[in-house]
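Each reported figure results from applying straightforward, stated rules to the coordinates on display, with no laboratory input. Since we're looking at a predicted model, the values are computed, not measured. Cβ atoms come from the backbone with ideal geometry, glycine included; neighbour counts cover every protein chain shown.
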Amino acid sequence: MKLWRVDFPFFILIGTIFFYGILPTFGQVKPNPSQQDLDSISHYYKLSKARDSLSLSERLQYVTCFLKGAELFQQDSLIYNGLMQKTMLLSRSKMYDSAIAYSHKLYDLANQNGNNTYIIKAYIKLGLYSRRNNKLTEAFNYYNEAFKVANITNDSINAGRSLLHMANIQNILGDYSGGRVTAVDGAKYIENTSDFKTLVGLYQVIAVAHREQKNYNKALKYVDKAIEIDSSFISSQILMNTKANILADQGNYEQGIVILSELAKDSLIKKSKKEYARILDNLGYIKWLQNINNESSETLLLTALKIRKEINDIEGLIASNIHLTKYYFKLDKLKALNYTEEAYHNAKEQNSLTSILEALGFVFDLKENTNNEAKIFNKIHNQLKGINQKNREIYALTKYENEDLTNQNLILKAKTARKERQEIIYFFGTIILLLAAGLVFYLLQQRHKREKIREVFNAEARISKKLHDELANDVYHVMTQVQNNRNDQEVLDKLENIYSRTRDISRENSDFDIGHNYAQELSGMLSSYGSDRTKIIIKDIDDINWQSITPEKKIIVHRIIQELMINMKKHSHAELVAITFKKVQRRIEIGYADTGVGVSKNDIIYSSGLRNAENRIKTIGGSFIFDSERGKGFKAKIFFPN
């Protein structure tokens, strides 16, 4: 029944794909999937990730099904997901050639779309599966390509991760100097990111490289830095294992044994047979280094070997057989030879060139006729030397290209920055010129306004003087003659009226002090409109700092208030008039109120005197507000900026 449940939907989808596959042939219609179509194929993607309930082969069937649907509907985003999942499942099934083939498909699609993110992922997958397939040279090249793309696109994390993989390969191939340089470069990319796992891996590689080059203090420094960053269980036990080995290399066997003994007691470590065997093997070996007669060393080494055989840990078997070769080297030459030949066999299976050379080194010491082994040793030694040299050249060229690109970018950035600075200078220069031009225009405009106000003021003063000096005097002279020659009272009254009106016009337009005595002049003008019937109240006029107000504003204020007082005298018949002065923030407020007969709104609108007052106040940026009704007096407020 289980087989039916797995295969039945699979064949349904294959049928659906077949149906849609032949549809374009007959109708020449490009597939246009509905959301229901996409949901149906996405269901298979979810099944491909059900690791707890389905086998790898079943999950592979589902992801294959999903990919066919995604390709049919031409959904690149789904194809990316399908290829990522399928390559991972193929790798877990140890079908590395197929995983590499589908990784190439991933790269081709990403390259076609110009998608750098998936180009990097494709290269990293190609490197990973090539390494698992024991093709270290190809793996190194793929990781190097991933690094180049990541570096060009400023992807620091993937650049650092690629360099970590490259450094690991260099260490595996025995190029510890090259691996250390590569890992140090990788750390520069990662140190300012949040990818602590990669940074720990890089520090671990640097520590191992220093250990192999016998720089034990530096090795301890980097392994301690890694331990400080990552305290997770898996990372810490691997790092502590490395630290124990470095301490043993320094001759500090006791501390190394303490670390490994504590790890060996951990129940969580015992659940991982691979790591448990590694710790037992290292513990047995370090105890033997401390004391060649240690009784527990042999037991620990053989126990680790047995566990590694059970789980078919080829890499671990190489280490166990090498350690047992050293253990039996002086005790039992035949056993030592058997173990070194096992190590040699494991190394060839793993295609570990450095381990092959190490095992052959012991064969030379333990076996009499080693002509064949010597030839193999020489061949592999030269091969390894060539690979390491080629890897160094590959990365050196990439590094040079990156530095050259960086220099070009720096030059380009400098040119761009210089151009931007010039543009900023031009921009601000233009702004300053415009502001200066605007300021000059404003000042000229204000100057023109002031000049017009002064001209009006002077003209009014001239008219006043002329009315007083010429017209009024002439009228008075005529009045005198008429009075002396003809006593016609009606004519005299008319002439008296003309004289009074002329004198009033003269007084209204007469010159006044706009300097230090302005407040007294203004107060005097206001008081002059008082009489037995009209009381004038002037409040807080001296609280205003009249010295800070421009002469033009003083002229306008004087004339407007005078206009109000004239209107009051002619029309209001008010018994009480109050004029108040107040400074509110950055403006002056003058209030006027009387108890006269008031005026209708239409009369206000059509009053030429009040319109003149309003026009005057606008010339200095002020405002004039009226409020009046018949029988309710008249109110006004004058505002202008100080």
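What the table below lists for this structure:
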item: Within-15-Å neighbourhood charge of ASN217 [Cβ basis; K, R +1; D, E -1]; result: +4
item: Per residue convex hull volume, Cα atoms of the range 288-337, in Å³; result: 69
item: Out-of-range pairs (alpha-carbon distance over 25 Å; input LYS105/LYS348; LYS265/LYS309; LYS214/LYS326); result: LYS105/LYS348
item: Spatial extent of the range 98-138: Rg and Dmax, with the Cα atoms as the point set, Å; result: 10.1, 31
item: Extension reserve of the GLN445-SER272 stretch, reckoned as 0.36 nm per residue once the Cα distance is removed; result: 53.3 nm
item: Peptide ranges 342-349, 431-438 listed from the most packed, as the mean C-beta count within 10 angstrom indicates; result: 342-349, 431-438
item: Electrostatic dipole magnitude of the range 152-268 [Cβ: Lys, Arg +1; Asp, Glu -1; Cα centre; debye, to 20]; result: 180
item: Out-of-range pairs (alpha-carbon distance over 25 Å; input LYS125/LYS271; LYS570/LYS635; LYS49/LYS94); result: LYS125/LYS271
item: Spherically averaged projected area of the range 34-77 from its Cα convex hull (nm²); result: 3.0
item: Computed Rg/Rh of the range 226-358, alpha carbon atoms with Kirkwood Rh; result: 0.97
item: Ellipsoid semi-axes in whole angstrom, largest first, where each is sqrt(5λ) of the Cα gyration tensor of the range 79-225; result: 28, 17, 12
item: Highest average packing first - 542-552, 567-577, Cβ atoms within 10 Å; result: 567-577, 542-552
